[in-house]
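Can you read through this structure? Questions will come right after.
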Amino acid sequence: MSKLDLPLLQRQLQPYQSEGRTALLPALQAVQEIYGYIPEDAAKEIGRALGVPLADIYGVIEFYSLFYPQPVGSTVVHICTDIACALHGGEQMLEDACRRFGIQEGETSADGFFTIQRSPCLGLCEHAPAALVGQSAVGQIDRYPLEQLLAGEIPRPQGVFGGTQRRLTANCGKGRPASLTEYLASGGYAGLRRALSLTPAAVIAEIKESGLVGRGGAAFPTGLKWEGAAQAPGEPKYVVCNADESEPGTFKDRGLMEEDPHRTLEGMIIAGYAIGASKGYIYVRGEYPHAYAALSHAVSEAQAAGFLGKNILGSGFDCEIELRRGAGAYICGEETALFESIEGKRGFPRLKPPFPTTHGLFGKPTVINNVETLCNVPLILANGAAAYRQIGTEKSPGSKLFCLSGDVKSPGIYEALFGISLRTLLYDLAGGMRTESPLQAVLIGGAAGAFATPAQLDVEMSFEALKSAGLPLGSGVILALDQTRDLRRVMLNLAHFFAHESCGKCYPCQIGTQRQLEILERLADAKPLQGDPERLADVGWTMSDASLCGLGQTAATAVLSAMRIWPELFGASQ
Amino acid sequence: MNDLITLTIDGCSVAVAPGATLLQAAREAGIEIPVICYHEATTSNGLCRTCVVEVEGWRVLAAACVTQAAANMVVHTQSERVLRSRRTILEMLNSAVDLSEAPAIQQMMQDNGADPQRFPGASKRKFELLDDNPMYVRDYAKCVLCWRCVQVCAEDAQYTYALSFEGRGFQSMIATFFDLPLPATTCVFCGQCVGVCPTNALKPRREWLLEQGKTPEEIIALTPRQGRRKRN
Ligand SMILES: Cc1cc2nc3c(=O)[nH]c(=O)nc-3n(C[C@H](O)[C@H](O)[C@H](O)COP(=O)(O)O)c2cc1C
Ligand code: SF4
Ligand code: FES
């Protein structure tokens, strides 16, 4: 290892010094931008600057897939092989890229220019097969020569937006972020103005009255959450936007952030005002460089225009928003793991209770909401809860973004009212099946979701109707699978994702995700062992019932749903 | 003095002080719940989940070591759901880790009807033994990731911070900074980690060498290797 220029490095770490441990991920990211990886000596310098034990720094580097403790190529090419991309040849793309350099995945080309990595879902499912080349997202990579891909010469994929409603996505579809001027022209920041004219309690009452339910997967009533944090003792309070979107098949938050970043900011500022938080964080997954850039720019625009900063619009309310980048860990979408990550630690989920509303970020009362949830807030405040309640269903008011991908003709982000049928979404909005082959199954809710059959096409897409049909809405994933697909391979793909993303904290998930993967490998290869179906069921139920957090608790739901619907897929060995 | 909390565990009514965990409440009632990661001297993190119990009305099982007793809870420590999870966790652990020097866990497997051969062909975590200091050896193939060593090295006792983790999920393991040998870390060889290790993954070096049939004279002459760890 060549000697580092320590005085230079120390100067570069200076800005983080006063922040201490919470600056650990940003400092590691800065170091990696300089050296391409994190040299041991640079990690020591970070430890000295931030006052973090060295072992802990290594623990953090090791936890996140996007940190490299060893040198890598000047460009890291992340090729997605998760479910939507796998259906469109992602594995083949990865293999081709490796063969081009005569290397294995994870290795670096002999000239040191490229490292080829297998990547979990990049949130580009409507452009499958997709990749992230350095800091550039690219889609439909099978349509271009490999050389063009490596040179980063493929145009950035544009969000595909559609649907029966354009409320949350009103400003989306331009292929670039809406500017502040455009956002204002579309009625932007009117919700904030109205909120600031009300008392914080009245804002919370309005959100409760609207019936808004969280869109991050857990379907928790937003107003109740805000009320809990507002009433919790402890200062300061925080509002956190969960922009870690990493559930395979999910790409709606990416669309919202890339094309209309001010809507998320406005929702956050209103949340901050309502609960008495003057500081907000947006945690954007590391694989979303374009969303990060759009939000960054929007924050400076909002600051300059007085929507952020001191004494917002003369109300006396102060609020600042800090952006944080994730570093490659699905688990950091789990709210308490996300807090740990902002605090500069490994993304281990915390035990609950206590809940974030009382003990959240830095142990303080915190509201954490999904991007899409926050994007509903300005609409509710601007037009009133009563107007908001008029659309959607009684228990699921409002509109919802659905992420359609897989074997449909027109994958994309579709906005529709709650209550729309699965059939309409698939066949009217997304154009039906891609080829002659008819629908075999739909994966609903993501890798952590469940399978639905063609017999369930008329199910109404609302929290309540899906619940009684035994299906999770999750993050709004609708991934269609045609008759040519081997569902065992699909399950194997999901199992691989969970084994890669388990944080390893609790035994059922740490070991169970690995055992589930091994059993499904045998099943997919048609070489099951005696007793594998029972083994798989025991592992699945144990993860679901005994795991510490939502990752382990849902790592087997898709498999268990398949066991119920198609027991023959798991039948005895030949 | 706060009022006692009354709850029902396996049909017995138990009264405990507020703040008591279900594990403590069960012990009060004379009901033993198996634990692996739990230790009186370290912070409970609810990692191993062998202590899971069923609380009526709850969606998922609860780790007894970290769940607080609440008034009128109805708890089952031997329900079918509990036994299935407990047995499977033990079977999976045994399939992943060398438990040959963990008699307590082996006994627990027997008591809970766990089959040591339940996962044929399962990948085990394998590591070469680390003999990098004069005081103790580290055989991470025997590590169950109870976190106790990391915790006593940090805020639970010593504030030395020599240990953390590498990897994630099944690939997780205890590690030093960039896998440095212990003498090159902040380790002060207080020995507390060795004291809390439940599986002999950490073992006094002298004991280990005696087991290998070395004489005390030979032991003094044998200097540890200073290399970094390699994963097998
Ligand atoms: C493994 C796991 C991953 C998650 N990932 C995300 C995510 O990427 N984005 C998100 O908003 N919520 C995610 N969640 C849900 C969050 O924990 C949390 O419920 C959500 O951010 C709350 O926001 P909401 O009330 O607005 O839905 C995840 C949960 C789990 C268990
Ligand atoms: S369920 Fe999985 S992700 Fe969650 S704490 Fe346990 S090991 Fe970590
Ligand atoms: S003893 Fe409770 S989780 Fe290990």
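Looking at chain B, what % of its DSSP beta bridges pair antiparallel, to the nearest 5?
The answer is about 90 percent antiparallel.
On the principal axes of its Cα set, how long, how wide and how thick is region A:139-226? Give whole Å, largest value first.
58, 34, 26
Separate question: Per 10 Å bin, what is the whole-percent P(r) computed from every C-alpha pair distance within region A:497-562?
25, 56, 18, 1
Let me check the size of region A:470-529 from its C-alpha atoms; what are the radius of gyration and Dmax in Å?
13.4, 38
Per the Kirkwood formula on distinct C-alpha pairs, the Rh of region A:75-150 is how many angstrom?
The Cα-based Kirkwood calculation yields 11.8 Å.
Within 10 Å of each Cβ of B:87-99, how many other protein chain Cβ atoms are there on average?
5
Work out from phi, with θ = phi - 60° and the Karplus expression 6.51 cos²θ - 1.76 cosθ + 1.60, the ³J(HN,Hα) of each residue of region B:188-201, listed in order in whole Hz, and give x for Gly and Pro.
Result, rounded to whole Hz: 10, 6, 6, x, 5, 4, 4, x, 9, 5, x, 10, 6, 5.
Over region A:1-73, what relative contact order in percent results from Cα pairs under 8 Å that are six or more residues apart?
Over region A:1-73, the number comes to 34 percent.
Given a Förster radius of 30 Å and the C-beta distance between residue B:206 and residue A:343 as r, what FRET efficiency does 1/(1 + (r/R0)^6) yield to the nearest 0.05?
Computed FRET efficiency for residue B:206 and residue A:343 comes out at 0.15.
For region A:441-574, take N as its residue count and report Rg(C-alpha) divided by 2.2 N^0.38 Å.
For region A:441-574, the normalised Cα radius of gyration comes out at 1.01.
Could you tell me what fraction of 2.2 N^0.38 Å the Cα radius of gyration of region B:73-213 comes to, as a two-decimal ratio?
After normalising by residue count via 2.2 N^0.38 Å, the value is 1.17.
Sequence neighbours fewer than 8 away in the same chain don't count; with that in mind, list the lysines whose C-alpha is under 16 Å from residue B:142.
Cα-Cα hits under 16 Å: B:124, B:126, B:203, B:230.
Tell me which residues come under 5 Å, amide H to amide H, from residue B:128 once H is placed; ignore anything under 5 positions away on its chain.
It is B:230, B:232, by chain and number.
Counting only helical runs of four or more DSSP H residues, what would the 222 nm mean residue ellipticity of chain A come to if each run contributes -39,500 (n - 2.57) and the total is spread over all its residues?
Result for chain A: -12000 deg cm²/dmol, rounded to the nearest 500.
Okay, helix-only estimate at 222 nm for chain B: each DSSP H run of n ≥ 4 adds -39500 (n - 2.57), divide by all residues, round to 500 deg cm²/dmol; what do you get?
Using -39500 (n - 2.57) per qualifying helix, the result is -6500 deg cm²/dmol.
Scattering from the C-alpha atoms of region A:198-288 alone, worked out with Debye: what is log10 I(q)/I(0) at q = 0.15, 0.18, 0.24 1/Å?
Cα-only, vacuum Debye calculation for region A:198-288: -0.62, -0.87, -1.33.
Bin all alpha-carbon pair distances of region B:148-222 at 10 Å intervals from 0 and give each bin's fraction as a whole percent.
All Cα pairs, binned at 10 Å, distribute as 18, 41, 31, 9, 0 percent.
State, in square angstrom and to the nearest 100, the accessible area buried between chains B and A, both chains counted, probe radius 1.4 Å.
Answer for the B-A pair: about 4100 Å² buried.
To the nearest 10 degrees, how steep is helix B:80-96 against the longest Cα principal axis of chain B, on a 0 to 90 scale?
0
Taking 10 °C and 1.306 mPa s as the conditions, I'd like the Stokes-Einstein D for region A:1-137 in µm²/s, using the Kirkwood hydrodynamic radius from alpha carbon pairs.
It comes out at roughly 98 µm²/s.
Another question about this same structure. Across bins of 10 angstrom width beginning at 0, how are the C-alpha pair distances of region A:6-63 distributed, in whole percent?
Bin by bin from 0 Å, the calculated values are 26, 65, 9.
In the P(r) worked out for region A:244-294, what percent of Cα pairs fall beyond 12 Å?
So the portion of pairs separated by more than 12 Å is 66 percent.
What percent does the relative contact order of region A:232-356 come to when contacts are Cα pairs within less than 8 Å and at least six residues apart?
25
Would you calculate the separation in nanometres between label points at residue A:34 and residue B:189, each defined as 7 Å from the Cα along the Cα-to-beta-carbon direction?
Once both label points are built, they end up 3.5 nm from each other.
Over all directions, how big on average is the projection of the convex hull of the alpha-carbon atoms in region A:161-389, in square nanometres?
11.4
For region A:399-482, report the convex hull volume of the alpha-carbon atoms normalised per residue, in Å³, without decimals.
72
Run the numbers on chain A and let me know its relative contact order in percent, using alpha-carbon pairs under 8 Å that are six or more apart.
13 percent.
Would you count, across region A:161-389, every pair of lysines whose alpha carbons are under 17 angstrom apart, provided the pair is eight or more residues apart or spans two chains?
Lysine pair count for region A:161-389: 12.
Further question on the same structure: Step by step: find N for the protein assembly as shown, compute 2.2 N^0.38 Å, then divide the Cα radius of gyration by it. What's the final number?
That works out to 0.95 for the protein assembly as shown.
Over the Cα atoms of region B:1-124, Rg to Rh with Kirkwood Rh, two decimal places?
In region B:1-124, Rg relative to Rh is 1.01.
Also: For region A:298-395, what mean projected area does the convex hull of the alpha carbons give, in nm²?
Projected area, direction-averaged: 8.9 nm².
Most fluctuating residue of B:220, B:89, B:105 in a GNM of chain B with Cα springs under 10 Å: which is it?
B:220
Just the number, please: percent antiparallel of the DSSP beta bridges in the protein assembly as shown, rounded to the nearest 5.
55
At a 1.4 Å probe radius, carbon and sulfur cover how many percent of the accessible area of region B:136-227?
Carbon and sulfur: 55 percent of the exposed surface of region B:136-227.
Percent of accessible area on chain A owned by carbon and sulfur, 1.4 Å probe?
52
The values are calculated or read from the model by the stated rules, or taken from the named source; none is laboratory data. Small disclaimer: the values here were computed from a predicted structure and weren't measured. When we count neighbours, we look across all protein chains shown, and the Cβ atoms used for this are built from the backbone with ideal geometry, even at glycine. We work out accessible area using only protein heavy atoms, side chains counted, and drop any ligands, DNA or RNA first. Shrake-Rupley method; radii C 1.70, N 1.55, O 1.52, S 1.80 Å.
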